[in-house]
Amino acid sequence: MRSGRYTGALVLMMLVAGALCAADAGHGRATTRQDLVGAWRLLDIDVEGPAGREADPFYGNGSRGLLIYDASGWFSVQIEGSGRPALQVPSVRGAVLEQSDSTTRLKPAALDSYYAYYGTWSFDQATSTVTHHAKGALYPAEDDATYSQHVEAVGERMIVTRTQHVEGHATVQTKRWERVSAD
């Protein structure tokens with residue numbers, strides 16, 4: 001049993017290393033901090049686990065989102081899963097409002113299908129690592145979180161990769177982004 005776990009971890013590390021080498025070989029120059037500055041639209045999220053490709057446990061399939069890296073060192077990211085429930089927008093916030101049973105029931109699903117946080121960011125060009133230093137988040141426990149991820153930006157595309165531990169096994173999450181303009 002133990003050797004199977006190690007074999008799975010080894011295979012996962014080899015997949016990550018291969019993906020990083022392939023990404024680097026594709027453009028021949030290192031990603032710079034300036035390459036990241038701008039607005040990015042989420043194209044897709046891919047998760048690779050010990051058994052192969054799997055649905056993202058947080059977002060599911062068909063997500064969309066926006067990531068903004070500001071030149072002054074601030075970032076903002078919002079990602080929403082597909083199939084979000086439709087809820088009425090309240091006219092005021094914070095007030096105790098009369099809510100239907102369906103609205104009360106759907107609110108957790110609306111929260112669970114949306115993710116947002118903002119803060120400052122730093123970039124280590126030697127390792128091509130972008131680090132998000134959260135200052136505020138949809139989930140208050142993440143207000144001071146720090147997330148480091150490998151990043152490769154080539155032209156109008158950016159790939160962000162991180163290893164995470166979900167349900168007892170390591171997975172590699174890859175987010176593909178496309179630069180957007182004001183046009």
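Key figures for this structure:
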read-out	value
Euclidean distance between Cα centres, segment 34-48 to segment 124-183, Å	8 Å
HN-Hα J in Hz across segment 45-61 - Karplus 6.51, -1.76, 1.60, θ = phi - 60°, x for Gly and Pro	10, 10, 10, 10, x, x, 9, x, 5, 9, 5, 5, x, 9, 9, x, 9
Length added when fully stretched, ALA51-VAL166, from 0.36 nm per residue minus Cα-Cα	40.1 nm
Extension gain, VAL154 back to THR32 (0.36 nm per residue minus Cα-Cα distance, nm)	42.9 nm
Note, ³J(HN,Hα) from phi for segment 133-148, Karplus 6.51, -1.76, 1.60, rounded to Hz, x at Gly and Pro	10, 5, 10, x, 7, 4, 8, x, 5, 9, 4, 10, 6, 10, 10, 9
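Throughout, read-outs are computed from the coordinates displayed, never taken from laboratory work. Predicted model, so just to flag it, every value in this text is computed and none were measured.
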